[in-house]
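To start, the structure itself, in structure tokens.
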Amino acid sequence: MGTLNVRTDEAMETALRALAGDSRSRSEAVRYAIMRAYKELLLEQAQEDAERLRNDADDQAEMLAIQRFMGVAE
């Protein structure tokens, strides 16, 4: 496992204390926050991809062809 040193200001310390609460260490709180931010990033990217594909006529035609092949569209 790697090590990360982070400089914090008062606002970051306040947020870190809130994230840690009584049940997490500071390290656990930082790991939690990083993973949560990463998951949010992945969801945003997936939403952007879905929007792009929703407006892509070629993709829509391909999906319709697949649905017809599978017998779920006419």
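Throughout, read-outs are computed from the coordinates displayed, never taken from laboratory work. Treat the numbers as computed from the prediction; the structure is a model and nothing was measured. As a convention, Cβ positions derive from the backbone with ideal geometry for all residues, glycine included, and neighbour counts pool all protein chains shown.
Remarks
- Selected from L41, L19, L64 as most flexible by GNM, with the chain as the system and alpha-carbon contacts under 10 Å: L64
- Shape class of the chain from the alpha-carbon gyration tensor: prolate, with a/c at 1.5 or above and a/b greater than b/c.
- If only the Cβ of Lys and Arg carry +1 and only the Cβ of Asp and Glu carry -1, the dipole of the chain around its Cα centre is close to 520 debye.
- Comparing S25, A37, M70 along the charge dipole axis of the chain, the residue lying farthest to the positive side is S25, per the Cβ-charge model.
- Based on DSSP H segments of at least four residues, each scored -39500 (n - 2.57), the chain has a per-residue ellipticity at 222 nm of -24500 deg cm²/dmol.
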